[in-house]
Amino acid sequence: MTEWGSHSIDTFGLVEHARQERCAMCDGENRHAAEFCWHCRAPVALAFPTDRKRAAPRLVAVVGPPGVGKTVYLGMLTDILSRQRGSLQILARGAYSVSLQQQSMSALARREFPPSTPSEPDGWNWVHCEVSKSSRKRPQQFVMPDIGGEAYLQEVEHAHSVPSIRAYLSKCTAAMMLVDTAALEDGAQEQDFLAMKTVSYFVELDGRRKKGWPARPMAIVFTKSDQSEACFENVEEFARSHTPGLWRICQERLGRHRFFAASVVGASAPLNILGETVSIPLRIEPRGVEAPFAWLVERLG
Ligand SMILES: Nc1nc2c(ncn2[C@@H]2O[C@H](COP(=O)(O)OP(=O)(O)O)[C@@H](O)[C@H]2O)c(=O)[nH]1
Ligand SMILES: [Mg+2]
Ligand SMILES: [Zn+2]
């Protein structure tokens, strides 16, 4: 190689090295070549479209308290959509996008639920996928992180306490809020209060009538609905009777919301292992998993 040639390649390398990318999660600056954000460990590839002709990915918030079922739900959703050949298909972008699906599905195959998501961002999984619809020519890119429930709760209870989560949520154009049907059937009101706080939090983030959350789609998913046939039979009625506060605030403050019932397993059973009770999945029988995401994709089209 000529001296000139090697010099120009080195210069190109330096320019690439010096290029900064803004993180999709926390807005922190990173080197273009970095794989994960230096500040919050989110994949840097999410910060920009991999193909310059494509639009930037649409960020979707998937939120709910620890144990509501986010990891199992997202793992099952990506598994169903990546296998099917129907009108809605997804293709994972980047190996990290397959991890969530892999972890959830391998655990279920062993008749276990996946372990709980760590509270630190470097243990979170990110789903970055390309969604193709038979009715649409260009695929759309979506990003859905499996945010740790504790960090999310902290930010909702004390706004601005987790800046990376706040930065991410303020860029989302759609949301899936998960609510625990099993806990509601047990009479716990916590789920209702927390869901109401979540709606208020989003509306406070951006309350513009035409562009903010009053106009952005929010799918409210009652998880573990295998625990309540009433929820599957009439989800609107279930929401009205079991989460009256949430029902009211949604009517008043969200223009585009819808309730869904979903479950990943047909049933689960408690098992005592060395004095600790764990839940084991009995039949892998997903119901209603795809519908909330299909509804969001339709609204964002
Ligand atoms: N019966 C039933 N239990 C579920 C279902 N999905 C999740 N669970 C239970 O909820 C627990 C927490 O799920 P996980 O996805 O880790 O919740 P996350 O903390 O929100 O990510 C699991 O360990 C299961 O015990 C479901 O569809 N049906
Ligand atoms: Mg989790
Ligand atoms: Zn970051």
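The values are calculated or read from the model by the stated rules, or taken from the named source; none is laboratory data. Fair warning: this is a prediction, and the values are worked out from it, not measured in the lab. Neighbour counts are summed over all protein chains in view; Cβ atoms, including those assigned to glycine, are modelled from backbone coordinates with ideal geometry. In case anyone asks, the SASA skips ligands and DNA or RNA and just uses the protein heavy atoms, side chains included. Shrake-Rupley method; radii C 1.70, N 1.55, O 1.52, S 1.80 Å.
Observations on the model:
- Residue within the range 262-272 that is open to solvent by 30 Å² or more (accessible area, probe 1.4 Å) and under 19 Å from the mean Cα position of the chain (by Cα) present: no
- Restricting attention to the range 106-124, the residues that are farther than 23 Å from C26 by Cα and open to solvent by less than 60 Å² (accessible area, probe 1.4 Å) total 4.
- Residue within the range 122-141 that is within 16 Å of ligand 2 (Cβ to nearest atom), at pLDDT below 85 and not in a loop (DSSP other than H, G, I, E, B) present: yes
- The condition (being of a type outside the set (D, E, K, R) and modelled with pLDDT of 95 or more) is satisfied by just one residue among A167, A175: A175.
- Answer residue from the range 244-301, given it is part of a loop (DSSP other than H, G, I, E, B) and over 26 Å from G187 (Cα atoms) and is nearest to ligand 2 (Cβ to nearest atom) among those: L274
- Qualifying residues in the range 66-83 (those that are open to solvent by 10 Å² or more (accessible area, probe 1.4 Å) and more than 7 Å from ligand 1 (Cβ to nearest atom)) - the one nearest to F113 (Cα to Cα): D79
- Across the range 74-116, the number of residues qualifying as at pLDDT below 90, within 16 Å of ligand 2 (Cβ to nearest atom) and touching a Ser or Thr at 6+ places or on another chain (Cβ under 6 Å) comes to 0.
Yes or no, residue by residue, for (1) in contact (Cβ under 8 Å) with a residue 24 or more places away in the chain; (2) hydrophobic (A, V, I, L, M, F, W, C); (3) under 13 Å from L74 (Cα atoms):
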residue: R93; (1), (2), (3): yes, no, no
residue: R111; (1), (2), (3): yes, no, no
residue: W126; (1), (2), (3): yes, yes, yes
residue: S132; (1), (2), (3): yes, no, no
residue: Q141; (1), (2), (3): yes, no, no
residue: M144; (1), (2), (3): yes, yes, yes
residue: K171; (1), (2), (3): yes, no, no
residue: V179; (1), (2), (3): yes, yes, no
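- Flag for I280 being surrounded by 13 or more Cβ atoms within 10 Å (Cβ to Cβ), over 20 Å from V68 (Cα atoms) and β-branched (V, I, T): no
- Among the criteria (1) small (G, A, S); (2) more than 18 Å from V143 (Cα to Cα); (3) in contact with a strand residue (DSSP E or B) (Cβ under 9 Å, 6 or more places away or on another chain), the one A219 does not fulfil is (2).
- Among the candidates R41, R52, R58, residue that is over 23 Å from the mean Cα position of the chain (by Cα) and either more than 10 Å from ligand 3 (Cβ to nearest atom) or at pLDDT 80 or above (or both): R52
- Single residue of the range 145-174 satisfying the filter (small (G, A, S) and surrounded by 19 or more Cβ atoms within 10 Å (Cβ to Cβ)) that is farthest from ligand 2 (Cβ to nearest atom): A174
- Residues satisfying the stated conditions in the range 84-105, i.e. open to solvent by less than 50 Å² (accessible area, probe 1.4 Å), in a loop (DSSP other than H, G, I, E, B) and within 14 Å of L46 (Cβ to Cβ): G94
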